[in-house]
Amino acid sequence: MPRQRRIEYAGAIYHAMARGNRRGKIVLDDIDRTRFEGTLGEVVQRTGWDLYAWVLMGNHYHFLFRTPEPNLVEGMKWFQNTWTRRFNVRHKHWGHLFGGRYKAILVEEGEYLMRLIHYIHLNPVRAGLVKRTQAVESYPWGSFPDYLKPLRKRRNWTDVEGGLEQAELADTVAGRRRFLEWTQECVNWNASKHAGVTVVQGQSLQSTLRRGWYFGTEAFREKLLKKLGKDPEGMSSRRQKGYGGAQTRDHGIAEAERVVRCAESEIGIRENEWTTMTKGDWRKGVVASLIRERALVDNGWLADRMQMGARNAVSRTIRLAKERLKTDRDARRLARNLTDNVK
């Protein structure tokens, strides 16, 4: 069977999921789970995604997000490669962690997206990890608990407000309570393996997740095909239709440039005066480290933009800067000020 092509455009909504290689585990303990969660927060910040829902299970994950910029592929590549590397380093493993490609199904807003949020949040119920005697929202490794908390107490990279808007609910105590009630209504404890599994306008959610490429109405499908200008059999590639290449890097470069401008002001240099500093200057390492946290740009871009020499020297400069942060007050002050200014 030929691979489905990745369809990317600004404002697209995806349900992304992947399983462990040979259905093996992708996390082994709560340390892994916490680090996985942190890695997810990083990619959301780097890409600018609006993350509506997510859940981490033992051998797979589910994400539901909007891409304001067409950067699905770049973001997912960074996430899966980064988590594989972090998992393998900690456990002294080698090789693939995930089994094949991740799935990325396009999702229509409104009822379809809302049903999918419930489906993702109820994964632990279907898997038997949440029992009848427990609160349906008690599983901690996902976005469901965030939907029941006020803004100041939840993960700031989960777009709870956006998710509630899909259900025409306000981000208030009453709105969040109603969201919980609707989710509870999706659970029949006598058949908990089917919690959140619904049919919307004749389209089965589970069959779509297994075999489909979109979850929405026929009108939504036609809209996607019109955007691509082809029928399903002749669907063109991202690159042919202008959805790949430099366009997918726009968000990352714009965010990186914002950090660079803040750094120039903070350090006291003018635009393009990075050549006045040595290639391995620790200040460049501090700035490059922050850019890596916030934007999808590679070492080649960093080396060229801040005059850091060869691209393979960038990682070393960042590593040395991080070591300096442990003992140097000026380094910590620069890092703190930059972080505060680019929020």
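Data overview
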{"item": "Qualifying position, being of a type in the set (A, V, I, L, M), modelled with pLDDT of 90 or more, over 25 Å from the mean Cα position of the chain (by Cα) and loosely packed, with under 15 Cβ neighbours inside 10 Å, among ALA310, ALA263, ALA303", "result": "ALA310"}
{"item": "Test result for LEU113, farther than 24 Å from PHE215 by Cα, in the same structural domain as LEU72 (by TED's automatic domain parsing) and of a type in the set (A, V, I, L, M)", "result": "no"}
{"item": "Selection status of VAL160, modelled with pLDDT of 95 or more and either closer than 27 Å to ARG19 by Cβ or more than 25 Å from the chain's Cα centre (by Cα) (or both)", "result": "yes"}
{"item": "Selection count, the stretch 55-64, where residues are surrounded by fewer than 24 Cβ atoms within 10 Å (Cβ to Cβ) and outside any loop (DSSP other than H, G, I, E, B)", "result": "4"}
{"item": "Scan of the stretch 267-294 for residues that are touching a residue at least 60 places away in the same chain (Cβ under 8 Å) and either outside any helix (DSSP H, G or I) or buried (at least 17 other Cβ atoms within 10 Å of the Cβ) (or both), ordered by number", "result": "ILE267, ARG294"}
{"item": "The listed residue being free of Cβ contacts under 8 Å to residues at least 40 places away in the same chain and either out of contact with any Ser or Thr (no Cβ under 7 Å at 6 or more places or on another chain) or not small (Gly, Ala, Ser) (or both), out of LYS103, LYS77", "result": "LYS77"}
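The values are calculated or read from the model by the stated rules, or taken from the named source; none is laboratory data. Keep in mind that this is a model prediction, so the values were computed, not measured. All Cβ positions, glycine included, derive from the backbone under ideal geometry; neighbour counts span all protein chains shown.
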